[in-house]
1. What's the total number of residues in the range 97-131 that are part of a helix (DSSP H, G or I) and under 29 Å from Asp34 (Cβ atoms)?
2. Does the range 27-48 hold any residues that are crowded, with 24+ Cβ neighbours inside 10 Å and without any contact (Cβ under 8 Å) to a residue 12 or more places away in the chain, and which are they?
3. Please list, ordered by first then second residue, the pairs with beta carbon atoms under 9 Å, 6 or more apart or interchain, first in the range 58-73 and closer than 11 Å to Asp92 by Cβ, second surrounded by 15 or more Cβ atoms within 10 Å (Cβ to Cβ) and of a type in the set (Val, Ile, Thr).
4. Give the residues of the range 224-273 that are of a type in the set (A, V, I, L, M, F, W, C) and either open to solvent by 90 Å² or more (accessible area, probe 1.4 Å) or in a loop (DSSP other than H, G, I, E, B) (or both), sorted by residue number.
5. Looking at the range 101-118, is at least one residue open to solvent by less than 60 Å² (accessible area, probe 1.4 Å) and within 12 Å of the chain's Cα centre (by Cα)?
6. For the range 22-50, give me the residue count where each residue is touching a Lys or Arg at 6+ places or on another chain (Cβ under 9 Å) and within 10 Å of the ligand (Cβ to nearest atom).
7. Looking at the range 166-211, which of its residues are basic (Lys, Arg) and part of a helix (DSSP H, G or I)?
8. Any residue that is part of a loop (DSSP other than H, G, I, E, B), more than 16 Å from the ligand (Cβ to nearest atom) and loosely packed, with under 14 Cβ neighbours inside 10 Å - is there at least one of those in the range 11-18?
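The values are calculated or read from the model by the stated rules, or taken from the named source; none is laboratory data. If you're wondering where the values come from, they're calculated on a predicted model, not measured in any experiment. Please note: Cβ atoms are built from the backbone with ideal geometry, for glycine as well, and neighbour counts cover all protein chains shown. Each accessible area value is taken on the protein alone, full model and side chains, heavy atoms only, with ligands, DNA and RNA left out. Shrake-Rupley method; radii C 1.70, N 1.55, O 1.52, S 1.80 Å.
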Amino acid sequence: MAGYLVEDMRKVTTHRLIQMKQEGKKIAMLTSYDYTTAQIVDAAGMDIILVGDSASNVMAGNVTTLPITLDQMIYHAKAVVRATKRALVVCDMPFGTYQVNPTEGVTNAIRIMKESHCDALKLEGGVEIIDTVKKILDAGIPICGHLGLTPQSINKFGTYTVRAREEEEAKKLISDAHALEDAGCFAVVLEKIPAVLATQVANELKIPVIGIGAGGGVDGQVLVVADMLGMTNGFTPKFLRRYADLSTIMTDAIGHYIEDVKNRDFPNENEQY
Ligand code: KIV
């Protein structure tokens, strides 16, 4: 059996993720946005599949995550849920669906849960959205927080540089993480912050801290599937490890297909009726 394949095929729950942290077992999380990819990711033994609003960039070619709509996120989440047997499926609440007020936030959260059948939601932000977070949790919906370089705030940041290098922002991030844990979130994602700070947060919290560009001292890692498979060539942050060069593999395969069609080599006698 390949090292990465898991023997325990029970559905991953938020409770089990917290147990994994207590037992010192690292958590693997990866995005997916469609049925075919999610089937492969789930069968490989992923603990959490994130239907990220990075679908806005990866699937639709937008520059930021801001344009993706609630209907579009539900469409992607439904496809991923249909494909997934084991992983916990977490869906991002898209920009504009939870920032206005707690009532609108919980209404939209319930819609995602009811229509997509995903297991949990992810929201970006700390104390400024804590009333909404509490209201959604009160409705029985598990929430994963997201702090640091939160892409829905990219226009406010004005840069994709590392966040919370300065003491004031680092202090706020620590108190935001505690506020999310105290509210009842089951996990927090920390994006693109210094490794030392992320490790401190992971040590202080009882819930799992999942990092992206946050070093190895946290409880788990998340990457965007198209980036780690080498399908997106223009995106080369320091934290990204590419596990394959699918772009080259796909271009070669597609090139051969074009050649075969043009040379009348495809289809051959065995490939017709
Ligand atoms: O949308 C996304 O893919 C994310 C990850 C980068 C954490 O939020």
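1. Summing the residues that are part of a helix (DSSP H, G or I) and under 29 Å from Asp34 (Cβ atoms) in the range 97-131 gives 14.
2. If the condition is that a residue be crowded, with 24+ Cβ neighbours inside 10 Å and without any contact (Cβ under 8 Å) to a residue 12 or more places away in the chain, then no residue fits.
3. Cβ pairs passing all conditions: Thr65/Ile154; Leu70/Thr97; Leu70/Ile112; Met73/Val51; Met73/Thr97; Met73/Ile112.
4. Hits for the range 224-273 are Val224, Leu229, Met231, Phe235, Phe239, Leu240, Ala244, Ile249, Ile254, Phe266.
5. no
6. 1
7. Within the range 166-211, Lys171, Lys172 qualify.
8. Within the range 11-18, one or more residues are part of a loop (DSSP other than H, G, I, E, B), more than 16 Å from the ligand (Cβ to nearest atom) and loosely packed, with under 14 Cβ neighbours inside 10 Å.
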